[in-house]
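Colleague: Below is a structure I'd like to ask you about.
The values are calculated or read from the model by the stated rules, or taken from the named source; none is laboratory data. Predicted, not measured: the structure shown is a model, and the values here were computed from it. For neighbour counting, all protein chains shown are included, and Cβ atoms are generated from backbone atoms with ideal geometry for every residue, glycine included. Only protein heavy atoms, including side chains, enter the accessible area calculation; ligands, DNA and RNA are left aside. Shrake-Rupley method; radii C 1.70, N 1.55, O 1.52, S 1.80 Å.
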Amino acid sequence: MSSESNGPLFGKLIAIKDNISTGPSTPSLATTAASNTLRKHASPFAATVVRLLTENGALIAGKTNCDEFGMGSHSLNSAYGPVKNAYVRGGHALSAGGSSGGSAVAVATRQCWAALGTDTGGSVRLPAAYCGIVGFKPSYGLLSRWGVLDYANSMDTVGILSRDVPDARTLFRILNRFDEEDPTSLPPSVRARLSSADAGEKPDESARNARALRIGVPTDYCLEELSSPVHRAWIRTLNRLQDQGHQLVPVNLPSTKQALSAYYVLAPAEASSNLAKYDGVRYGSRLQDPPSHQEAEADKSGKSVLFSRYRGEGFGDEVKRRILLGAFALSAAAMDNYFIQAQKIRRLVQDDFDRVFASPNPLHTASSSSSSPKPSSAQKPAHEASPPQSTRSKVDLLITPTAPTLPPTIDDVRQQDPLATYTNDAFTVPASLAGLPSISVPVQTAGRPRSGAAADGDGGWGDVGCAGVQVIGQFGDDDIVLRMGEIVEGLR
Amino acid sequence: MHSSTLRTAPIHLTRTLQHPSFTTARSLRPCIVAKWLQSRRLTTASPRTQEVIPLRKHLKDEAKRKKAEVKRDGNVLSTKQTSDSRLDKWELTVGIEIHAELNTACKLFSSAPAEVSVGDDGGSANSRVAAFDAALPGTQPQFQIATLLPALRAAIALECEVQRKSGWDRKHYFHWDQPNGYQITQYYRPFAKDGSLTLGAFDGVPAEDLNGAESITIGIKQIQMEQDTAKTMNVGSSTYHVDLNRAGMPLIEVITLPHIHSPQTAAAVVRKIQAVLKGVDACVTGMELGGLRADVNVSVRQRGTSGTGSSYSGVSGLGQRTEIKNLSSFKAVEDAIVAERDRQISVLEAGGVIEGETRGWTLGATETTRLRGKEGEVDYRYMPDADLPPLVIGSDLVKHLKTTMPMLPDAVEQDLEEWHGLSRKDAKTLNEQDNGDRVEFFERTASFLLAEVGTFKSEVSTGKERRKTGKLVGNWVLHELGGLLATHQRSWDDVRVTADELKDILVCLHKNQITARAAKQILAELVQRQPAPKGPYWPSMDTRPSVEQLIDAGNLRLRPLSEHEYEKLAKQIMDASPEMVKAVREKGQKGKVMWFVGQMVRQGEEGTVEPEKAKVVIERLMDG
């Protein structure tokens, strides 16, 4: 590619999460999703997003560790061992967040200029918040998923980790392309309708850029799990934005409470399906001992000893847990009570967002193409009957905390019940269910100066000193989300 | 990479014709994947082409085997009687699911070619595999819109309502023939619903099923599109070879309602659906070539009762059903249903209960065998495929296809019967042979012949002439030409005789210029000769003689004898065989006249004696 030498990313090092295919180009890097099932797997083709980076002059710095297949909130569930945050508290390593923890640490420690991660329920935003950097999850369908290993394909989104918002925007503009290889990539016809497509052509858009923004503050996000340092950082950010002339509007997103449960039904269900291909036949390391004849015969009769042994040995505990959860949710006996109900909640979460945002959802104004069944009126929960948000109270953006707490120590996480770690995703999951753009930006926690890469010398990283604040916008409002991210970033 | 670029060039070309949007990068992918699979040592030697047994031969062999069995057991009559009497009490109900491979250029969700293209070594295993077909991590399906056309033709031909919006679902099960661990199908929302199929006696429906009516109608519940699986071959004790060439090929599944009440009708339904699918060019290979597979659901109930109260697809009051999977010939469909019906009746009469289970059948067996029971049923965990947008089919497309549909087999046969004067049986035989090539040959020959010999005096007389020549041509195309091909063990593809040549022969015959015997001789000669080389620079006369030339060379032209010459020849023969004359004259054995006619044809010079005239002369002389 002739553009390489003078591309906008010329010479910039970019790290790639290990569940994004880097292809056969030099250097040939394995793509294993941190799983033993794919040990040494080198994809024969590169992901479209990786190709776009190299075509624009970027250098692939390497692959970063993560939770196996993106399943985790602390990057501890990896075949290569845990990711460690650079920050420590009382001598104990902190969680880097997950699942794109390796990418976040690589950016925070300046081993690369920026990194790609994937975000299914918060996997870019959470590690960004824990590592004190920026994490951006664009609208679903803008960045190609071709070459990105599936976890929950209806929510999997390629995300960007960077030191500041302008860098994230630079990468986003390069990667935001229609890709005909990816059937979920938004086609040009839909892109033309998005406000972020070309601000110049939409007069109301430039008007919105000039005026003060209406910021929605979801009262439903004041969960009891919300810790006070995070809570204070959030409130202080909101106050400063108000000082700058932006308007704060309290909004209700009543489905937030069910969103996490719905996510942990839907994501495992899709995972159980997407990971069925890892049977050891076509890729991944074969078993140490070849299958015996009896095993092969048993496989034939449906007892599947070969596959189950391979999968049993290859997958980690968390992946197995989610596959089992998902397989159960999809089983004939549980389908109606779990998968279908969760899809209904997903639709309610989308409706919640559409109700509070001033701009209409461009996916719903056209013929709805969502595969999730619409709840019948009889099944609508009571809160659906609440009066619609008046036009006056509609907002341009939402601002919430990214995670309920500051990063816990790895030791603390290890003592947690696996289900308890799921609550980390409570604030990030709703935007994932609705496919909305959102960004996590670090803001200082009260009374503590933000330490960082420039901090005191050899390994002298202290506590993180900042919390992630999340900006969520209407589908396709990626540019406005980035702009507000930049404003929040400038508050420090 | 260069050699592989060359290798896929033909694929690329053919694909480009189908899809203008097709890019070079995509056509390369099958190669990348093939190499990839090779590196995984997944490539096998090209599988030996499965030995194809022609249906007729198969049926003959089966009949022979059965006959031998009967001879050995010696009590077929009593068995038949008992089973017949049981059938007075028990009623059979059958529903069928038919899987047929669509006639398309590419796979359902990838650009990999569906068929080996000319000049490509794509016949080898794992050579027609795109990244998605091998389920490489990070790949997504890409619906190939061209696969929709044959599927829609099938739906229209089976009188289904094409759904404006349908969807794709994943059906999960682990097997090495299923690279993704699931099959993409249309479980929740199929693209076509509520069709029907009408069958009559000529389709093989027994009189009891027709019950006095001219035809019966079987409901089609739905048609869905789905992916085929890979081929696996067991080589050695614990080694299996996987060939992904078939993985992801587009199939349709046609599901009938449980409206079928006899094994013969079930086989007729499968045969007719195959004929319809072939007729509208939805499918290419038929059942005997593995392009069509059927699963049957079988239940019995006592007549006049509502069975165990089971209901399927909205038909209620049925007995508990079992499913017999993977039947790959019409014969297997019929025999498997007979066996399963008899088994179920025996179980019920002995006071037992039918279990809902899946059973298997092997050709030539007398009983179905249990594959798995209800507790062993696979939970397929159907879920919508979030990667694929819903399939939206515009009514204008359906309308367009309806107006450009090829004629359905029933219509073709009706046309042959009413327009060309063939019997329904001949019409059906003609239509079902050689993918419609033989009907086309017939129609060409018939129209050429009519153009030359027709008088076109009036509409009525033209119709009469057309039916007369039609019958003549039908007879020659089916029986004379068919017989010659059978004698030489050649297929229709190698028929060599052109419609023009057959027309020339039949014109001479029609005009009494040659005898039927001579006509047959010429046809036999032409069937054995090398076909004329194609192209304008090769005058066919050099290598292949015309009908006229053959007539002249064989001195076959009819030179009618005078009345006197006929009498002379007749007298000669009568004088030589006085006892035969006596038999006719004194004993009144009129049949012996034909012996004399035969003698006259034989002893007369080739092409001079017409049997009809000879008969008149002999009869006159005998009376005289």
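Colleague: Averaged over B:163-169, how many beta carbons belonging to a partner chain fall within 10 Å of each residue's beta carbon?
Modeller: Mean shielding count: 1.
Colleague: Take peptide B:382-392, look around each residue's Cβ out to 10 angstrom, count Cβ atoms belonging to other protein chains, and average those counts.
Modeller: Per residue, the average neighbour count from other chains is 6.
Colleague: Same structure, new question: Given N residues in region B:299-438, what is its alpha carbon radius of gyration divided by 2.2 N^0.38 Å?
Modeller: 1.54
Colleague: Cut-off 16 Å, label point 7 angstrom out along Cα-to-Cβ of A:Thr109: give me the residues of region A:11-53 whose amide nitrogen falls inside.
Modeller: A:14-18
Colleague: Which pairs, out of B:Lys171/B:Lys221; B:Lys272/B:Lys471; B:Lys428/B:Lys520; B:Lys171/B:Lys399, put more than 27 Å between their alpha-carbon atoms?
Modeller: In this structure, B:Lys171/B:Lys399 lie more than 27 Å apart at Cα.
Colleague: What would the Debye formula give as log10 I(q)/I(0) at q = 0.09 Å⁻¹ for the alpha-carbon point model of region A:1-114, no solvent?
Modeller: Normalising to I(0) and taking log10 leaves -0.25.
Colleague: Volume per residue, Å³, of the convex hull around the alpha-carbon atoms of region A:54-96?
Modeller: Each residue corresponds to 107 Å³ of Cα convex hull volume.
Colleague: Can you tell me the alpha carbon radius of gyration of region B:352-392 divided by the globular rule-of-thumb value 2.2 N^0.38 Å?
Modeller: The value comes to 1.91.
Colleague: Beta carbons within 10 angstrom, averaged per residue: use that to sort the peptides A:100-106, A:185-191, B:158-164, highest first.
Modeller: With the highest mean Cβ count within 10 Å placed first, the list reads A:100-106, B:158-164, A:185-191.
Colleague: Under 12 Å between alpha carbons, and skipping anything fewer than 8 positions from A:Lys320 in its own chain: which aspartates and glutamates qualify?
Modeller: A:Glu68
Colleague: What number do you get for region A:38-181 when its Cα radius of gyration is normalised by 2.2 N^0.38 Å, N = residues?
Modeller: Compactness ratio reported: 0.98.
Colleague: If you scale each eigenvalue of the Cα gyration tensor by 5 and take the root, what three semi-axes come out for region A:319-360, rounded to whole angstrom and sorted largest first?
Modeller: Ellipsoid half-lengths, sorted descending, are 29, 12, 5 Å.
Colleague: Quick one: pull the percentage of alpha-carbon pairs in region A:396-437 with a separation above 12 Å.
Modeller: For region A:396-437, the fraction of Cα-Cα distances above 12 Å is 67 percent.
Colleague: Using a cut-off of 13 Å between alpha-carbon atoms, which aspartates and glutamates can reach A:Lys12, once sequence neighbours fewer than 8 places away in the same chain are excluded?
Modeller: The qualifying aspartates and glutamates are A:Glu4, A:Glu55, A:Asp167.
Colleague: OK, next. Stick to Cα atoms and the Kirkwood definition of Rh, then tell me Rg/Rh for region B:90-221.
Modeller: 1.07
Colleague: Using the per-residue mean of other Cβ atoms lying within 10 Å as a proxy for protection, in what order, highest first, do the peptides B:492-502, A:330-340 fall?
Modeller: B:492-502, A:330-340
Colleague: Let me ask something additional. Report the equivalent ellipsoid semi-axes for region A:115-155 in whole Å, largest first, defined as the square roots of five times the eigenvalues of the gyration tensor built from alpha carbon atoms.
Modeller: Equivalent-ellipsoid dimensions as semi-axes: 19, 10, 9 Å.
Colleague: Right, something else. Report, as an integer, the average count of C-beta atoms from other chains found within 10 Å of each Cβ along B:171-178.
Modeller: Whole-number average of other-chain Cβ neighbours for B:171-178 is 4.
Colleague: Chains A and B: what accessible area do they bury, summed, in square angstrom to the nearest 100, with a 1.4 Å probe?
Modeller: For chain A against chain B, roughly 4000 Å² becomes buried.
Colleague: Determine the alpha carbon to alpha carbon distance for each of B:Lys568/B:Lys613; B:Lys278/B:Lys425; B:Lys592/B:Lys613; B:Lys425/B:Lys464; B:Lys325/B:Lys402; A:Lys277/B:Lys231 and list only those over 23 Å.
Modeller: Over 23 Å Cα-Cα: B:Lys325/B:Lys402.
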